[in-house]
Amino acid sequence: MKIKWLTLVGTAVLLLTSTVAMTDAKEPNPLYKPSIYAVLPDDMFGPDALCWDAVHRNLYLSVPNFTFDPASPLKAPACLALIRSDGSVEKQFDFPVMDGMKSTGCMGIDFGPDGNLYVCDNQYFFNPEWKSRILRVIFRDGRPTGKVQVVVNGLKVANAILWDGNRVFVTDTILDEPGKYGSGGIWMFSKEELLSAGTDAKHPAIQVAKRGDKRLILVADCDDIGRNNNCGADGITKDKNGIYYFGNYGDGGMFRFRFDNQGKAEMQKIHPGGKFFRCVDGICFDSETNKVYITDSADNAIWAFTPPKWGESVNFERIWENEDTDGADGSLDLPCECRVVDGRLIITNQDVGVGSGGKCQKTDKPYTLSVIEIGKHPDVKKK
């Protein structure tokens, strides 16, 4: 994800933070060099999030096609795509423009226990006044019907979504709190309220409060590290020990949280903004390699770490990094999301120019997904 303008943001929700020590990062190994996984058509120039449907073994891609330059000739509707194992791409449908919105900012996606796909609709680029939403794409027999329902209204920058048992987590990247350089947060919804919301007139979409809503369980600040980017919480994942991780897009700060015996969220900061990496975009946990993988959009890099116990230090490893590129050889071109499927780390290249805030300087063909064969790497031991 990329946000070009600066906003000021303020009041924090109660949280527990502590800085955790880290060891030096390893240099990237050439055996991790990425290659092309898929080449997207011209009407999918701005891809974003990935979601793996383990039941039907399908990989889905959200494509918001954001254009930040009004003069850009690139124009295409937001859509949902299916990425096959051979790298072929099949558009499923264009998202409808609903409720007077200008477009659908489809970003983070995850399947719910009802078999439907839940979508973070980031409306901040079109209207920053609490217009972002969570949508439900109705699926039948493992394929989308094209029917879309609004589930939650009133978020700022709906970005990533994670279904986890009876709880659903959504990252909000810019809270616009007065007096702060930047901050983002974590919303938590119950399974019961989300599954019924927006289904019919008796069960309308949830309307969250602009300030003071108890569903906003954590807030984490973003520091000014010279990138001219104040974006907070972006990707989110959970390890096998039940610990959750998320990171800031604007400064690379990274956090973990868990719930105490009273069900209250407590948080620790495990990576100060600007140390090692300057950006955390999409992240994912892979149980086979027991690693959390991080897409660093600012520096065209992939980082990883083996999750330690709560409170223990985190050792980051730089898997890969390359300079500005058009991505034709599979190199990273503003990597914004990753998912591991059958030993392959599949990476979305959003390919949007970020000026002085990062390496990628322009959107250029080809529009691609990259892949790193982590399952075949001799240094990766399955746990």
**Study point:** FRET E, pair residue 97, residue 210, Förster distance 22 Å, beta-carbon r, rounded to 0.05
**Key:** 0.40
**Study point:** Whole-Hz couplings from phi, Karplus 6.51/-1.76/1.60, listed for region 160-172; x for Gly and Pro
**Key:** 10, 9, 9, 7, 9, x, 8, 10, 10, 10, 9, 8, 10
Review point. How much length is gained on full extension from residue 203 to residue 145, taking 0.36 nm per residue of separation minus their Cα-Cα distance?
Key: 18.8 nm
Practice item. Beyond 31 Å between alpha-carbons counts as too far, so tell me which of 156/191; 210/359; 75/147; 91/156; 156/309 fall in that bin. Key: 210/359; 156/309
Practice item. Kindly report the accessible area of the chain per residue (heavy atoms of protein chains, probe 1.4 Å, no ligands, DNA or RNA), in Å². Key: 39
**Study point:** Among (i) 31, 62, 6; (ii) 23, 49, 24, 4, 0; (iii) 28, 57, 15, 0, the entry derived from the coordinates for P(r) over Cα pairs in 20 Å bins from 0, in percent
**Key:** (i)
Practice item. May I ask you to give the percent of accessible area on region 178-243 that is carbon plus sulfur, with a probe radius of 1.4 Å? Key: 50
Review point. Semi-axes of the equivalent ellipsoid of region 67-206: what are they in whole Å, largest first, if each equals the square root of 5 times a C-alpha gyration tensor eigenvalue?
Key: 23, 22, 15
Review point. If region 176-305 were replaced by its equivalent ellipsoid, with semi-axes equal to the square roots of 5 times the Cα gyration tensor eigenvalues, what would those be, largest first, whole Å?
Key: 27, 20, 14
Study note, to complete from the structure: Going residue by residue through region 65-78, the Karplus relation 6.51 cos²θ - 1.76 cosθ + 1.60 with θ = phi - 60° gives ³J(HN,Hα) values, rounded to whole Hz and with x marking Gly or Pro, of 6, 5, 10, 8, 9, x, 8, 5, x, 7, 9, 6, x, 5
Review point. Can you give the helix-only mean residue ellipticity at 222 nm for the chain, where every DSSP H stretch with n ≥ 4 adds -39500 (n - 2.57) and the sum goes over all residues, rounded to the nearest 500 deg cm²/dmol?
Key: -500 deg cm²/dmol
Check your understanding: How do 354, 157 stack up against each other in accessible area, from largest to smallest, with a 1.4 angstrom probe?
Key -> 354, 157
Check your understanding: What are the extents of the Cα atoms of region 202-242 along their three principal axes, listed from largest to smallest and rounded to whole Å?
Key -> 48, 32, 15
Check your understanding: Amide H to amide H, which residues 5 or more places from residue 367 or on other chains are under 5 Å from it, using H placed in the peptide plane?
Key -> 40
**Study point:** Rounded Å value of the spacing that divides the Cα centres of region 55-109 and region 147-209
**Key:** 20
Check your understanding: For residue 267, what charge total do you get from the other residues with a beta carbon under 12 Å from its beta carbon, if Lys and Arg give +1 and Asp and Glu give -1?
Key -> +1
Study note, to complete from the structure: Across all Cα atoms of region 252-383, Rg and the largest Cα-Cα distance (Dmax), in Å, are 15.7, 51
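The values are calculated or read from the model by the stated rules, or taken from the named source; none is laboratory data. None of these values were measured; they are calculated from a predicted model. No Cβ is skipped: glycine too gets one built from the backbone with ideal geometry, and neighbour counts run over all protein chains shown. Ligands, DNA and RNA are excluded from the accessible area calculation, which covers all protein heavy atoms including side chains. Shrake-Rupley method; radii C 1.70, N 1.55, O 1.52, S 1.80 Å.
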